Each structure stands twice: as structure tokens, then as C-alpha cells.
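Peer 1: The structure under discussion is supplied below as C-alpha cells; questions concerning it will follow.
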Amino acid sequence: MKAARCTTYGPPGGIVVAEVEDPEPGPGEVLVRVHAAAVNYPDVLIAANRYQVSAPLPFTCGSEFAGVVAALGPGVSGPAVGTPVSGGVFTGAFAEQVVVPAGALRPVPAGLDMVHAAAFHVTYGTAYHSLVTVGAGAAGEWVVVLGAAGGVGSATVDVATRLSMRVVAAASSEERLAVARTLGAEAGIDYVRENLKLRIRELTGGTGADVVIDPVGGDHAEAALRALRWGGRFVTVGFADGRIPRIPLNLVLLKNVVLRGFEARSLRKYSPDAAAAGDAALARLVADGMRPLVSRVHPLADVATALAGVAERRATGKIVIDMEKGEMEEAA
Ligand SMILES: NC(=O)c1ccc[n+]([C@@H]2O[C@H](COP(=O)([O-])OP(=O)(O)OC[C@H]3O[C@@H](n4cnc5c(N)ncnc54)[C@H](OP(=O)(O)O)[C@@H]3O)[C@@H](O)[C@H]2O)c1
């Protein structure tokens, strides 16, 4: 089969498509024929060996996919061959086939095609749980979303708006803020050119935000935290900026701020009920028409370009690799 191989750690340009042996499912595993796979920021970090956990060389890149069950390993009773599934792996998704533990597969929410199913669970799960499960966001509250045109950010704007929260989007250009507005953001702040703290206070009528969702980190985190109202909630989700903020705790104390983190894999392990409630809530939103924003669809041959779009901060929404496609498509 064809697979996107990383043979030396480094930037996306070093990743090449090569023929490798077809994988076989072992005990407890399922073989999936991959139809589409989404690019996530950690894929770039893993290829560069800058992620928390190293992937031993050589390996196949990619962590999120949608496809169809092709074979069951010993001891596995389902899902049946032919069932559409999506799932996550540490590496291996940018390939024509992937082997995963049976427990790591999820049904494709009704209404999502393979490209949108591949782009859904990581960003929308992160959006829902950081907003609701951890952030306790409620209808009518002001939510500030940093990196609002990115994968997690755009999903967060979408979910928050659909749950009747009022969104202030923050991003690095007017063009990127326009993307967040199409998803329902009421207001936008260009955090490169404007004062983030002052603008959040102005836009929320002087009281400050109820919730901040932060997948970016760097200097923007403290500025947004300073613009929370008394008792507001700050949820740290990721550090796309590359710099992990060091927050002075007096800021947390003075305004009774709640500072919390969200991490998708550990939620499923430590709080399966919350994970199941999130899946059900998201399935309802999909049934109402919610779809991830997919801005580009590449064939597997363009995997390096697809990863570079995320690595170089050019992506809006999600970039997806479609195993069935021969040429790149740009969404209208
Ligand atoms: N906690 C979890 O479970 C979880 C789940 C998924 C992802 N994450 C993490 O969340 C972060 C965002 O993931 P994502 O998939 O949304 O990534 P993404 O699609 O690349 O979006 C990240 C956004 O961050 C902004 N940004 C600011 N400084 C940047 C820089 N120096 N380089 C790149 N982007 C920069 C960019 O928007 P502007 O240009 O508009 O600033 C970009 O749109 C990553 O750190 C990822 O690992 C965490």
C-alpha cells in the first residue's frame, strides 16, 4: 500500500509517499481502509520530533482518519467488515490502510461524508469539552476564542455559536477573522495589530469575558486572562504559538478566576461519561447541520504540502488528505 513516510525528523518537505507492506490486524485490532485523513498540528510536531512523545523512525505520519472496516483481528467481534468508522492513532493515518485497537474506533456521525468525518472528532471534541465540560460555558455568555480561524479555533466558534454563546474571535488578520465571522462570531480582534485585553473589555461592555478558550498560548494567553470578568474561566488547550505561557498566579487570585486545562485522550480514559455525553451532544449538532470547515483537500501525493499549510500558519479550518483524489481541491 501507499503511505506517507517520515524517515528523518524535520519539516514537512522531508515526508515522502512510498510503497510499504500491507498491515495485518493483530489480536484486538481492526484493519481500516482509509478514505480520508485530517492534518492536525501535532502531526507536524511529531514529524519534527518536537512532540511530547517521540515516534521511532521510520514511521507513517497522520493521526486522524475515516474509512471502512476491512478486516478484524483475532478476538475482535466488531464493527463488521464494511462499517464506516473514524478514529485516532499516534501515527499511521496517512496511508491507504491503518491498523488500530478496536476500542479506538468510533462510528461516523450520521450525515458526515468521509472527508468531513476525518476532520471532525479531534477538533470538535476539543471544542465541545473545553467550552462545556471544562469551561462550563452557558448560553448568552461571552466566549473569547484565540486562533479562531484554525482547526480547534474554528470548531470552537462553531460549537459556541450553536450553543447560543456570544463569541469574540481573535486571530492574526482581518481575512482570518472573516472566517470566524462566517461561523457565527459576533466580533473579531486582530491580536497582532490591536490590544487584545482592552478590545475584549470594550467588546464585552466593560465587564470582561466569561470564558477564554486558548489553543495558541504565547503572549496572547496572559492578555486574554487579564480580560476575564470576576469568576471567569480560562481553558488552556494548546500552544500553537510554540511558547508555553507562565501566568502570574496573582491574576488568578485577584478576580477568582478558574484556570483549567483540557486534553482529549485523557478525558476518554478518566471521564468516559463526559466523553459519551460530548459525543451525543455533537451528534445532535451534526444532525442539525453542523459540518467542520474543510478549506483544502489534497491527494496523498501532496501530503508534504498539506502538512506545510498547517506548519506555516496558512490553514483555515481543516486540511484533509483524500485517498481517493488525484488532484488538490480548494473549498469555495
Ligand atoms: N488539548 C487537546 O486535546 C488538543 C486537541 C487538539 C489540538 N490541540 C492543540 O491545539 C493547538 C492548535 O491546534 P489546531 O489543530 O487548531 O492548529 P491550527 O489549525 O494550526 O491552528 C492554530 C492557530 O494558532 C494560531 N497561531 C498563533 N501563533 C502561531 C504560530 N506561531 N504557528 C502556528 N499557528 C499559530 C494560528 O492562527 P492565527 O494566525 O490567526 O494566529 C492558527 O490558526 C495545537 O497546539 C494542538 O496541539 C490540543
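The values are calculated or read from the model by the stated rules, or taken from the named source; none is laboratory data. Bear in mind the structure is a predicted one, so any value in this text is a computation, not a measurement. Don't worry about glycine lacking a Cβ; one is built from the backbone with ideal geometry, like all the others, and counts go over all protein chains shown. Surface accessibility is based on the protein's heavy atoms, side chains included, excluding ligands, DNA and RNA. Shrake-Rupley method; radii C 1.70, N 1.55, O 1.52, S 1.80 Å.
Peer 1: Among the candidates Ala95, Ala110, Ala104, single out the residue that is of a type in the set (A, V, I, L, M) and at pLDDT 95 or above.
Peer 2: Residue meeting the stated conditions: Ala95.
Peer 1: Scan Ala3, Ala36 and give me the residue that is under 25 Å from Arg268 (Cβ atoms), in a strand (DSSP E or B) and touching an Asp or Glu at 6+ places or on another chain (Cβ under 8 Å).
Peer 2: On inspection, the qualifying residue turns out to be Ala36.
Peer 1: Mind telling me which of the residues Ala240, Ala170 ends up being within 14 Å of the ligand (Cβ to nearest atom), modelled with pLDDT under 95 and under 21 Å from Ala127 (Cβ atoms)?
Peer 2: Answer to the selection: Ala240.
Peer 1: Test of understanding: among Asp219, Asp190, Asp210, Asp214, which residue is open to solvent by less than 10 Å² (accessible area, probe 1.4 Å) and of a type outside the set (Ser, Thr, Tyr)?
Peer 2: Sole residue among the options that is open to solvent by less than 10 Å² (accessible area, probe 1.4 Å) and of a type outside the set (Ser, Thr, Tyr): Asp214.
Peer 1: Going residue by residue through segment 317-331, is there one that turns out to be within 18 Å of the chain's Cα centre (by Cα) and either free of Cβ contacts under 8 Å to residues at least 24 places away in the same chain or outside any strand (DSSP E or B) (or both)?
Peer 2: Scanning segment 317-331, I find at least one residue that is within 18 Å of the chain's Cα centre (by Cα) and either free of Cβ contacts under 8 Å to residues at least 24 places away in the same chain or outside any strand (DSSP E or B) (or both), so the answer is yes.
Peer 1: Count, please, the residues in segment 146-175 that happen to be under 24 Å from Ala306 (Cβ atoms) and either buried (at least 24 other Cβ atoms within 10 Å of the Cβ) or not small (Gly, Ala, Ser) (or both).
Peer 2: Total satisfying the criteria: 15.
Peer 1: Residues of segment 240-297 being surrounded by fewer than 16 Cβ atoms within 10 Å (Cβ to Cβ) and hydroxyl-bearing (Ser, Thr, Tyr), which ones?
Peer 2: Passing the criteria: Ser266, Tyr270, Ser271.
Peer 1: Report yes if some residue within segment 235-255 is in contact (Cβ under 8 Å) with a residue 40 or more places away in the chain and of a type in the set (Asp, Glu); otherwise report no.
Peer 2: So far as segment 235-255 goes, no, none of its residues is in contact (Cβ under 8 Å) with a residue 40 or more places away in the chain and of a type in the set (Asp, Glu).
Peer 1: Of the residues in segment 193-207, how many are open to solvent by less than 20 Å² (accessible area, probe 1.4 Å) and closer than 19 Å to Gly140 by Cβ?
Peer 2: 2
Peer 1: What number of residues in segment 64-111 are closer than 29 Å to Asn49 by Cα, hydrophobic (A, V, I, L, M, F, W, C) and touching a helix residue (DSSP H, G or I) at 6+ places or on another chain (Cβ under 6 Å)?
Peer 2: Total satisfying the criteria: 3.
Peer 1: Hey, which of the strands (runs of 3 or more DSSP E) in segment 52-136, taking only ones fully inside, have at least 2 residues that are of a type outside the set (A, V, I, L, M, F, W, C), open to solvent by less than 40 Å² (accessible area, probe 1.4 Å) and closer than 22 Å to Val286 by Cα?
Peer 2: 64-72, 84-88
Peer 1: Within segment 130-140, does at least one residue satisfy the condition of being within 30 Å of Phe65 (Cβ to Cβ), aliphatic (A, V, I, L, M) and more than 18 Å from the chain's Cα centre (by Cα)?
Peer 2: Taking every residue of segment 130-140 in turn, none turns out to be within 30 Å of Phe65 (Cβ to Cβ), aliphatic (A, V, I, L, M) and more than 18 Å from the chain's Cα centre (by Cα).
Peer 1: Output yes when any residue across segment 28-45 is β-branched (Val, Ile, Thr) and open to solvent by 30 Å² or more (accessible area, probe 1.4 Å), and no when none is.
Peer 2: No - not one qualifying residue is present in segment 28-45.
Peer 1: With respect to the numbered conditions (1) assigned to a loop (DSSP other than H, G, I, E, B); (2) in contact with a helix residue (DSSP H, G or I) (Cβ under 7 Å, 6 or more places away or on another chain); (3) farther than 26 Å from Ala281 by Cα, which one is the sole condition not fulfilled by Ile189?
Peer 2: Answer for Ile189: the failing condition is (1).
Peer 1: Do any residues in segment 196-221 that are within 15 Å of Val235 (Cβ to Cβ) and away from the ligand (no atom under 14 Å from the Cβ) have Cβ atoms under 6 Å from those of residues that are β-branched (Val, Ile, Thr) and in a helix (DSSP H, G or I), where the two are at least six apart or on different chains, and which pairs are they?
Peer 2: So the pair list comes out as Ala209/Ile200.
Peer 1: Within the group Gly147, Gly135, Gly153, which residue is over 22 Å from Ala275 (Cβ atoms), within 15 Å of the ligand (Cβ to nearest atom) and not assigned by TED's automatic domain parsing to the domain that holds Ile319?
Peer 2: Gly147
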